[in-house]
Every structure is written in structure tokens, then in C-alpha cells.
Amino acid sequence: MTLGPYASFIIMSYVAVATVVAALIIWVIADYRSQKARLRDLEAAGAVRRSGRSAVDVK
Amino acid sequence: MRETGLESALPALAPATISGAMTLIDLANPSRFLSLAGRILPWLAALTVLVLAVGLYQSATAPDDYQQGATVKIMFIHVPNAWLSMFVWGVMSVAALGTLVWRHPLADVAAKTAAPIGAAFTFLALLTGSLWGRPMWGTYWEWDARLTSVLILFLMYLGLMALWRAVEDPSRAARAAAVLTLVGAINIPIIKFSVDWWNTLHQPASVIRMGGSTLDRAFLIPLLVMAIGFTLLFLTLHIAAMRNEILRRRVRTLQMLQASKSA
């Protein structure tokens, strides 16, 4: 596969998309872990939902 | 089926319609949504990876265009991002109606979490379009109707994200954001038809148009596969982000309960 005289523009486009998509995936995973950790800490400190069910268990 | 009173209230509706309404009502329960999200996310993520892998392979092996050469490969990522920039605003507009009209408990969660993802896709559409424009048009940017209206869309996404951050109470922020989203939806047909209404440097529609696509199958198939892949990517990210937002609201509720106990 040859990309011709404008290879740098093509490569930069694909790298930019890969970088932003990777950032979105990392953001979603990191946020999930962060919220679960905060809920675990709150439950460990004695916070209970009105329903009485665990806030951490999302299954 | 559980007896909820809905069946007797809507006797004229077909069973399938009632079943569809029941599914929506079931999904309105955040706990049920979390359970469903946990089950479907791994499968959706796997399907996204598979479709994007096929799309990337087809994009890499697609022939060069007789005018653009290999630069046509930018189109395979630019167009799906451009489509999604408008599609995500459409999703947010439906969610805004859900907030204002039906008061669906998950509508504002859906709208809030779609905004940063939509902003990312819009940014990529602008960036890849600019990187395609330099070798093909001789300029990175031109203040024509299509480019300017997409830039306005990007700024509107940022404005919505700022609004969500500025108002602490999610239900109050939801109503203001919903109104702003519906007002901003006016920009979507302007973006779509800008190339027909005004004399623009951006080329007119070549895929979704009256009379069928003008693209050769060698380019159309990779483009459609990539578009499906990016749409699946959006769905995966959106469901995951909605799950995070529900957990964030649980954190907020527990913190408030704890604060009221200790007061």
C-alpha cells in the first residue's frame, strides 16, 4: 500500500482519530472505576440506599 | 406480563405496542438499565471492534481515486465522524423531548452523556476534513456554509457541556439543557442542506441523495462498514457513559443522605 505524496495528511488523520477514540475509551473506563470506588467508600462509611440494596452491585 | 394498569388503560393498542411501551417503562428503571448495560456492553464492544477491523482493512485495501489518489482514505474516517456529529445531536434532541415531554428518568442521563461523545466526533470531523482540505483544496479552512455550520455545532456541544457543569442540580440542568438542545437542532438541517442552499467549497452529498449514491462500490462499501463501526462505537461508549452517570448520581444521593444524617 503506497499513500502517495500526501501520506503525512492521511497518517495524521488516522492517528488523530485513534487518539481521540482511545481517549474516549480510557475516560469511560476510568470514570466507571472511579464511581464504583466512591460508592464502595461510601458504603464502607455506612451510607445506605433508601431501598437498602447495595449501590455498588450493578449486576 | 406484569399487571401495571397500562394494559387496561390502552385497550385499543396491539399487544406488540403494549410490549414496546413496557420495555421502555422497564428501561426507565436505572437499576434495570444498569443490569442490561452490564450484559450487553461486552458483546457490543466486541461487535464494534470486529466491524471497525473489517472497515479498516477494506479502507486500507481500497483503490486510489483517479482524482484524489490515496487521500480518498481520509474520507473513510471523515464521513462517519461527520454523520455521527449530526446523529448524536439527533439522539440528544429525542432525549430532550424525553426530559421535557415524557419526563423519562433516563432521558437527561442519555442527553448529558451523549454531549462529550458528540463533541469528540464533531472535532474529528472538522480535523480530518481540514487535513483532507489542505492537499485537495489548497487550504485547511474556508468560511463556507458547511464548515462554518459544523464549527457552530461543535461550539454548541461545548456550550451544553459547560451548562451541565455550571448547574449543580441535575434535574434543573436537564431542563435548561433540553431547551438549548431543541433550539440547537435547527442547525442540523442547515448543516445537511448547506451544500445545496449556498455556493460552498464543500462538495454536495454523494452517498445519501435522491437518485442514489454517486460513489463507486469500491469506496461505498468500506465507507458504509466504517459508518456502521463508528455508530456501534458511539452506542457502546454512550451506554457505558450512561452507566457511569447513573453511578455518579447514586454517589451524589448517598452523599446527601449521609450529610442529612450527620446534620
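Every number in this text was worked out from the coordinates using simple rules, so none of it is lab data. Because the structure is predicted, anything quoted here is derived from the model rather than measured. Please note: Cβ atoms are built from the backbone with ideal geometry, for glycine as well, and neighbour counts cover all protein chains shown.
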Query raised in the report: Hey, got the average number of other protein chain Cβ atoms within 10 angstrom for residues in B:126-132?
Result: 4
**Report entry** Per-residue mean of C-beta atoms belonging to partner chains within 10 Å, peptide A:25-32
**Finding:** 5
Requested in this report: Indicate the helices, whole DSSP H runs only, in chain B that combine a mean Kyte-Doolittle hydropathy of -1.0 or more with a Cα extent along their long axis of 30 angstrom or more.
Outcome: B:30-61, B:75-97, B:107-137, B:145-166, B:217-262
Query - Estimated dipole of chain B in Debye, rounded to 20 [Cβ of Lys and Arg +1, of Asp and Glu -1, Cα centre] - result: 820 debye
Report summary line: Note to self, the protein assembly as shown gives a 222 nm [θ] from helices alone (DSSP H runs n ≥ 4, -39500 (n - 2.57) apiece, / all residues, nearest 500) of -25500 deg cm²/dmol
**Report entry** trypsin sites (Lys or Arg not before Pro) lying in DSSP loop within region B:139-233, provided at most 14 other Cβ fall within 10 Å
**Finding:** B:Arg209
Query raised in the report: Taking the Cα centre of each part, how many Å lie between region B:200-239 and region B:53-98?
Result: 5 Å
**Report entry** Inter-label distance, nm, simple model (7 Å from Cα along the C-beta direction), B:Asn199/B:Thr61
**Finding:** 4.5 nm
